[in-house]
Amino acid sequence: MTNSTTIKRPHEEELWGHPKGLYVLFFTEMWERFSYYGMRALLVLYLTSETTGKNPGVGWSQGEALALYGWYTALVYIMSIPGGFLADRYLGQKKSVIVGAVLLVIGHSVLAIEAMWAFYTGLGFIILGVGCLKPNISTMVGGLYKKGDVRRDKGFTIFYIGINVGAFLSGLVVGYVGEVHGWHYGFGLAGILMVLGLIQFLAGQKYLVHVGNYLGKSESVQDQEDYKRPLTKIEKDRVVVLLISFLLIIAFFAAFEQAGGLMNIYAKEKTNRMLLGWEVPATWFQSLNSFFIITLGVAIAGFWSKRQLKGTEASSLFKMIVGLGITGVGFLFMSAAANEYDTTGSSMMIWLVLAYLFHTIGELCLSPVSLSFVTKLAPAKYASIMMGIYFATTGLGNKAAGLLGESSSVFGEFKVFTGIAIFCIGFALLVFLFLKKLKKLTHGAEDNEVDYSTKEAEGFEIADKQ
């Protein structure tokens, strides 16, 4: 049955088979991730650079820098819990995204000041800004699709490509500016581009009218009742599945986030980066992951979508298990790199390229799918909070990544990379053994999904809630 959110014809509000609002969120997140990943590419290198010279840094030890990196990246995502709470209880997702974007602009601008007080203050604003923006803009993507629409996973992959367009450009542009011309110029450039993201989001509000609003003030009596009632047994079971799936997220990001820490340092200090007589900047390797996502994202999403429509195993949990296993395989290439360095005193760039390729394939199977999974299973009144918990688990994974990176000073890179590979593959196999039981607890949340872009009915609903 249709209501006030019904539109007459799909093509009037769609572009390339998806709601136009998806592309508004795409570009907002693109510039947010440009600013975040640009700063992330610089952070550890800035902290570990000598205090003298053409581009002086802070002069910290590798262990100190990785410790701060771990805490910073953890807090950035842990703050998604209060960010989600703020949206669900007071502001709604749209207003929370705006607040987060403003805080990010302030944070990156303060980082441009060459003083340690400004450095810490800027990080604080960024932590708060990401906490407000990240869970809520992701929840809004899910709200664009009707329950049971198979396009939802594709939509999240397109959204995820936006994330990585920003990350790819930032690694090249912000990384180059910061590493070559001055760290604080790079930090400031990241802030300027965040302003574009905020302007773009405000300009696209007409495509987000029915998404991200505060349910507590909804004109719909049914929406208000759904906010007040206790959770049903089905909803409780689905929350349990989500919390268990978050263990996969922690394991994945503990491995994957070596990119900004240990692998970043490895690229700078232990990799032969000479290419045709020119030395490739270490920060440019941060863009490999994003490049592979941009070029492979649609193909991998299409592969899973076709399997799902054919009735072949393609549940979100299965994709996440496969993704974690593939990520583990990627670290075997880093083991080869570490072994080559221990033997010859240098390692080839191809090991890093192959590692990032496999990490990317694993990420595409797991990360955008897990975002979509949260919006499928989370109760409407806790949608942003559950998304906040999801991002908090990525924060825990980031902190674990920092601890693993620090441990390399004791155990060496070869043992750390090999250990990560064995754990990821082993844990993925363990969870696979319980796949059927876990799927049963979802109570058919992913059953009978259809592609609504093929429907020629006179109208259909844009879901405000799951």
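The values are calculated or read from the model by the stated rules, or taken from the named source; none is laboratory data. Treat the numbers as computed from the prediction; the structure is a model and nothing was measured. Every residue, glycine as well, gets a Cβ built from its backbone with ideal geometry; the counts of neighbours run over all protein chains shown.
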Practice prompt. State all residues of region 42-86 that are within 30 Å of Leu243 (Cα to Cα) and of a type in the set (Gly, Ala, Ser); if no residue qualifies, say none.
Written response: Ala67, Gly70, Ala74, Ser80, Gly83, Gly84
Worksheet item: If you scan region 168-189, which residues turn out to be out of contact with any Phe, Trp or Tyr (no Cβ under 7 Å at 6 or more places or on another chain) and of a type in the set (Gly, Ala, Ser)?
Response: Gly182, Gly186, Gly188
Worksheet item: Does Phe34 satisfy the criteria of being part of a helix (DSSP H, G or I) and surrounded by fewer than 19 Cβ atoms within 10 Å (Cβ to Cβ)?
Response: no
Item to complete: Test Val410 against the stated conditions and say whether it is at pLDDT below 90 and either over 18 Å from Ile250 (Cβ atoms) or touching a helix residue (DSSP H, G or I) at 6+ places or on another chain (Cβ under 9 Å) (or both).
Response: yes
Discussion item. Could you go through region 130-145 and let me know if any residue there is among the aromatic types (Phe, Trp, Tyr) and closer than 29 Å to Ala400 by Cβ.
Written reply: no
Discussion item. Restricting to region 276-302, and then to whatever is of a type in the set (Ser, Thr, Tyr) and crowded, with 16+ Cβ neighbours inside 10 Å, can you tell me which residue is nearest to Gly323 (Cα to Cα)?
Written reply: Ser290
Worksheet item: How many of the residues making up region 272-321 are β-branched (Val, Ile, Thr) and either out of contact with any Phe, Trp or Tyr (no Cβ under 9 Å at 6 or more places or on another chain) or part of a loop (DSSP other than H, G, I, E, B) (or both)?
Response: 5
Worksheet entry | Answer residue from region 50-87, given it is β-branched (Val, Ile, Thr) and not in a loop (DSSP other than H, G, I, E, B) and is farthest from Ala251 (Cα to Cα) among those | Ile81
Worksheet entry | Single residue of region 98-132 satisfying the filter (at pLDDT 90 or above and touching a Ser or Thr at 6+ places or on another chain (Cβ under 7 Å)) that is nearest to Thr73 (Cα to Cα) | Gly131
